[in-house]
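Notes follow once the structure below has been shown.
The values are calculated or read from the model by the stated rules, or taken from the named source; none is laboratory data. Values in this document were obtained by computation on a predicted structure and should not be read as measured data. No Cβ is skipped: glycine too gets one built from the backbone with ideal geometry, and neighbour counts run over all protein chains shown. The protein model used for the area step is the full one, side chains on, heavy atoms only, and it has no ligands, DNA or RNA in it. Shrake-Rupley method; radii C 1.70, N 1.55, O 1.52, S 1.80 Å.
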Amino acid sequence: MEGCGEDEEEMLEALSQASQVCTNLLDQTSLASRDATDAMTEAEDAYHIRLEAHTMLADRVSEQAEKIEEQFRTNGRAALKIGQQLELAEAKKRQCDTASLLIRQWWMMENLAEQEELSGEELQVNEEVRGVIPSSSCRMDPLFTRPENSLEAAKALKALRTVVKSRGNSASGTLLDPMSRHRFDVTSKLIQRTSVALESRLLNSFSEIYVTGGTYDFSSPDAASRPGRLNWIQLRNLAMALSNFDGGRGLHKRYVQMVVSSRFPELHHGKSGNDDSDSDEDDDHLDMDSMRQKLSNLFHRVNEVCTAEFQLISNVFSSPPVGKGDATFDVTSLSDAVPFQVARTLLQRVISDPRDGLQARINDLLESIDRRGDFDAGTKKLDTFVVIHEKAAGLFTMLKDSAQTMLMANNKSRADEDQRSEEYQAVSDENKRAVASLIQYLTTQEMSLSSSHRRGYLNLELRLLHHECCYCLDRTGAKLVIPKRGKDNGRHNQSMGQAGGPATYEAPVMPLDKHHLKKIGFSGLLNGVLKSSVLRQPLMHATDSLARARLMFGMGQGFGDMDSTARCWATC
């Protein structure tokens, strides 16, 4: 029993110690929980405080932003109005500066005219403007005597001429006293003399640079100043100055004349050369192959020169590119339609000139063939018609492509340099109208050339075909009865003309002599007129004629005139 009692006491003591340890742990855990709860409460309170502070700050910032926005809306309209007023004031200032400069230039010209009238010594305007008289001895302003001031001088003279013209269009001119009118008239005459002298100097400078020549290199502006290159930058500067004189019409005429005289000597001096060649051809045999080669070279020359000159025109006569910092250049002062006007003038001179144009040279060539008067030359003339038609179609196609290339190049440069432009959009539309007009002109010229040649070709084709058939029968010994002259013999086919085709020759009917046929009998007919080889001859000639007609009037598959081809085949 004593042993059991001791074990129980030890167990009770151990349990008591374990209970005490658990109680201590429970107290520590409870204390840690209370501390954590207090810390969490404090952190939550601090977070709520910060949240309310941030909320108050955001509300305050929002209120300030609303106040700033309201002030911007209120004051922004005023600032916009102030900006518009400043722009208007700047524009009026520029107008005043321009008017002030114009008045000073007018007074300068009026003073020179008065000095000239008082001294009785005529002012040597041409000599001073052209630089014949040294600048130190010139009485005129350096604006008109120095070549580097050409553009400003041209603009100033244009403005002065506008003042002179406005006097006749306004009622104030009748209110001037006689002395004022006299001074005005004397000054206007001096302005006109100066304008003529300056335009002449600029035209001569343009001619000298162009005649000097050189390789066309439009890759960059720096390439124009290289040795052996055409200085197209100077040409463009001169063209800009000359555009102030009647829109540059004098320059356009001078340029076209220089191109024809220097690039097309066979056109410019073609008349005298044709007279000599015609006299030689009357003595010697007509070399049709040489003529066709000459004609082919002429078409190739026209295409080559016009393509090169189109590039020069697009770079010289168009407005220069506007830089980002260039605020002085006025887009509306130059039109990009001008290059197409110059190109049309050049084409009209090269192709349609009644004396020295391409069409005139072709007509001279055909007339020289007609003067031979034999049927062999007529056959060669038919081949020449076909060559002309093919070469002309290729020439006009390439010229149209070159014209469209000019427009595409201008539009591409515009798009790369300035994307903001409403004014450039108007210029682009003007370009499209100009190139459409140029292509329409080329189409009209092609149709005119083809129509006249097709009419001449068809008449000659039918005449020669009728002759070959009659000659074939005549060689067999058959006698043809010459028809009596009447109103129905040898007339033109009016029905074809009414149908829209060319008026064509209708061959007269020449029947065989019946008495001669009875005389030769059936054997003569079988060995003569009805012989198979004799009957094949007209078919062979008709086949050749139809082949030429197919080339002349088109294939009838979208590339030619199907109706005209069908009418020609039916006529043959």
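A few comments on the model shown:
- Stokes-Einstein diffusion for segment 8-47, with the hydrodynamic radius set to the Kirkwood value over Cα pairs and evaluated at 4 °C in a medium of 1.567 mPa s, equals 106 µm²/s.
- Accessible-area value, L101, 1.4 Å probe, nucleic acids and ligands omitted, Å²: 80
- A crude spin-label estimate for the pair Q311 and K189, with each label 7 Å from Cα along the Cβ direction, gives 5.0 nm.
- At full extension, K92 and K400 could sit 106.3 nm farther apart than now, given 0.36 nm per residue minus the alpha carbon distance.
- Segment 7-41 residues near the modelled L51 label - backbone nitrogen below 14 Å, point 7 Å along Cα→Cβ: 41
- Accessible area of R104 (1.4 Å probe, protein heavy atoms only, ligands and nucleic acids ignored): about 130 Å².
- Carbon plus sulfur fraction of accessible area for segment 1-66, probe 1.4 Å, in percent: 59
- Solvent-accessible heavy-atom area per residue, rounded to whole Å², over segment 1-157 at 1.4 Å: 80
- Carbon + sulfur, % of accessible area of segment 123-218 - ligands and nucleic acids excluded, 1.4 Å: 53
- Residues with amide H under 5 Å from that of R229, placed H, sequence gap 5 or more: T215
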